Amino acid sequence: MMDSDVLFRMAVEAAPNAMVMIDPSGAIAMVNAQTERVFGYDRAEMLGRPIEMLLPARFSETHPARRSGFFADPSPRPMGAGRDLYARRKNGEEFPVEIGLNPIETAAGVVVLSAIVDITHRKANEQALRESEHQARRLAAIVESSEDAIIGSDLNGVVTSWNHSAQRIFGYSEAEILGHQVFRIAPPGYDAEMHDILRRVTLGERVDHYQTLRRCADGSIINISLSVSPIYDISGRLVGISKVARDVTEATRSETALKDSQSRLQELQAELLHVSRLSAMGEMASALAHEVNQPLAAISNYMRGSRRLLAASPDPLARRVEEALDKAAEQAVRAGQIIRRLRGFVARGDAEKRRENLEKLAEDALALGLIGQNERNIAVRRQLDGDIFVLVDRVQIQQVLVNLVRNAAEAMADCERRELTVAARPTDDEMIEVTVSDTGKGLPENVRENLFRPFFTTKAAGMGVGLSISRSIVEAHGGDMRASASPSGGALFTFSLPMAPSEALED
Amino acid sequence: MQERPRAGTIYVVDDDPDVLSSLRFLFEIEGFQVKTFADGALLLASPLPRPEDCLLIDYKLGHLDGLEVVRRLRELKVATPVVLITIYEGLEKKAAAAGVQDVLQKPHFEENVVSRVEAAMSAARRAAAP
């Protein structure tokens, strides 16, 4: 049997923690091997020395009093009671510790055996844990507050997380969808696509900004931009899939609308260019016909008169002059026919009169006429009734309106007040009166008189056919066109168009 | 050589002086009195035509067009028959609404202007007869 003292010393020596025994004077009476390793002192350097040598210097003044207090009322307990305790190695390094105090009665009096545990690693782990919890909370907050839907699923497509925006965009609450298949938000026919995305991501691929469609809880279909990436655990094992979905329905819609309106505008411009070329030709043919028809009419009158004069003459020569006059008349008829054919050639085919909504015509004309005029900041007033229908060739009347709108915009270029008004109202004789007025400088009397004459212009670069063509077009529709002063002192153009019979009557 | 003077004066309004004088020539040969005007305002400022006369008027006439002149004459209770001469097509309905009896297309080779005017005048006489 071994001496109990020897047994005790062996047990202390084998303990996994540093064990230090002090006597009532605070001197170190015994240390174990672990103490040597933890503190860096040899046993001989410690024995007999005050315990304070193992403490940071800042505790050396207060510690002896605490130590005496313990000796006065010794009981086994952890030291420090809620305070962070620190010890000091030989090299001066401080480290966090936990200390258990055990008073032992001996023949020589009470001694205290302390078990000292270096908790540096534990403290570091705790700190790391706190930091990672903080990080996780921060990430969760980011995910929750994201404008994008952020959805987590396992490898089988079962939803494991569903943020606030996912609820907002797709209309399912977290409770409704957690644990269910993510395929619930696939529109009919899109299951295969979702499977394919899942498969690609489980192979480690990423899917970035993929444009597709998804179905919401209320059945509506939305455009989304989807980014999908794999989720790995700490050991690098693929454990799930994260999807970030952005609702791009509105963006897609406005992009489409923009494209539509741009191509519509281009179409209108092309049509207008085509017709304005035809109209310029038509106007010239018309002006030519007018100019030539007048002398032809005079010729016709003179010949008829002359023929009548000769008929009464008994002179035999008169018969031959009559013959010659008849032949001259035939030639005049021929000239007239050439002119008529020319007019007919230009006029025919281009006038396709249909029932058109005047408001729509005016809107298109405003869009076209104000191209490039944005910087002029023109306020456009519309006094149009959506129910007004006219029987017109759409492109021709658009040309008239565009002409007037452009003229008005140009007339106001240097004015402070820039208001363009387009109005329409039915008149008593089943016509629609359309007015385009501006707040420009107006038309001087001498200009107004010549306004509709072909090749009359006040513009430096104008050809002077716009208004003349416009009037011709309006007249070819059975209407008329005139210019006057607007109440603001600007120009006011008025033209009339035939009202379209109501559709019910046409049937 | 007005062989047989006829009742009624032909009022002619046209802004083309050559057309105007050719019509004067034609109608004088037919024995009519002819009065010519370069625009509608001049006509309206002169003694107005009587029901037994005839007005031959161009459609396109400076700032007061032929139909407007006719409208004003009708407002003034002038019952004179009117023949509109024009190079434009499709004016018949508008012309009738303004109070025009006949529309003649320029340069009117195929049509006899004189007989159209005469027809309008005799129709007016018949209408005025008790």
Interface B:A - total buried accessible surface [probe 1.4 Å, Å², rounded to 100]: 2600
Within the accessible area of segment A:32-94 (1.4 Å probe), percent carbon and sulfur: 51
Rg/Rh ratio calculated on Cα atoms of segment A:386-440 (Kirkwood radius): 1.05
Value of relative contact order over chain A, rounded to a whole percent, pairs C-alpha under 8 Å and six or more apart: 7
Mean Cβ neighbour count within 10 Å, used as a protection proxy, ranking B:94-107, A:64-77 highest first: B:94-107, A:64-77
Average partner coverage of B:94-101, which counts Cβ from other chains inside 10 Å: 1
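Please compute the length gained on full extension between A:R58 and A:K90, using 0.36 nm multiplied by the number of residues separating them and subtracting their Cα-Cα distance.
Full-extension gain reported as 10.0 nm.
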Neighbourhood charge, 13 Å Cβ-Cβ cut-off, centred on A:A332 and excluding it, Lys, Arg +1 and Asp, Glu -1: +3
Inter-chain shielding of A:479-486 (mean C-beta neighbours from other protein chains, 10 Å cut-off): 1
Semi-axis lengths, Å, chain B, gyration tensor of Cα atoms, sqrt of 5 times eigenvalues: 19, 18, 15
Neighbouring partner chain Cβ atoms per residue of B:20-29, average, 10 Å criterion: 5
Net charge over other residues, Cβ less than 12 angstrom from the Cβ of A:A297 (K, R count +1; D, E count -1): -4
DSSP H segments from chain A that extend 30 Å or more along their own axis, Cα-based, with Kyte-Doolittle mean of -1.0 or above: A:249-311, A:316-347
Delta accessible area of at least 50 Å² on complex formation, residues of segment B:62-92, 1.4 Å probe, chain isolated as reference: B:I87
Full-extension gain in nm, A:R77 to A:S173, via 0.36 nm per residue minus C-alpha separation: 29.3 nm
Potential extension, A:M10-A:R355 segment - 0.36 nm per residue separation minus Cα distance: 112.8 nm
Per-selection Kirkwood Rh - segment B:61-116 (Cα, Å, 1 d.p.): 11.9
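So for each of A:198-208, A:386-396 I average, over its residues, the number of other beta carbons within 10 Å; can you give me the resulting order with the highest mean first? Please report the intermediate quantities before stating the final value.
Numbers: A:198-208: 13.6, A:386-396: 19.3.
Answer by packing, highest mean first, reads A:386-396, A:198-208.
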Heavy-atom accessible area, 1.4 Å probe, ligands and nucleic acids excluded: residues of segment A:290-319 down by at least 50 Å² from chain alone: A:H290, A:N293, A:Q294, A:N301, A:Y302, A:R304, A:R308, A:L309
DSSP-defined antiparallel bridges as percent of all bridges, the protein assembly as shown, nearest 5: 75
Part-to-part distance (alpha-carbon centres) for segment A:143-221 and segment A:375-432, which is given in Å: 51
Between segment B:75-112 and segment A:1-54, the Cα center-to-center distance that results, in Å: 137
Net charge contributed by nearby residues that have their C-beta within less than 13 Å of B:E68 (K/R +1, D/E -1): +1
Cβ-derived FRET efficiency at R0 35 Å, A:I338 paired with B:R6, nearest 0.05: 0.45
Size descriptor, Kirkwood hydrodynamic radius, that averages inverse alpha-carbon separations across chain A, Å: 34.3
Sequence-separation-based contact order of segment A:358-456, relative, with Cα cut under 8 Å and 6+ spacing, percent: 29
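The values are calculated or read from the model by the stated rules, or taken from the named source; none is laboratory data. Keep in mind that this is a model prediction, so the values were computed, not measured. Backbone-built Cβ (ideal geometry, glycine too); neighbour counts: all protein chains shown. Heads up: the accessible areas ignore ligands, DNA and RNA and are worked out on the full protein's heavy atoms, side chains in. Shrake-Rupley method; radii C 1.70, N 1.55, O 1.52, S 1.80 Å.
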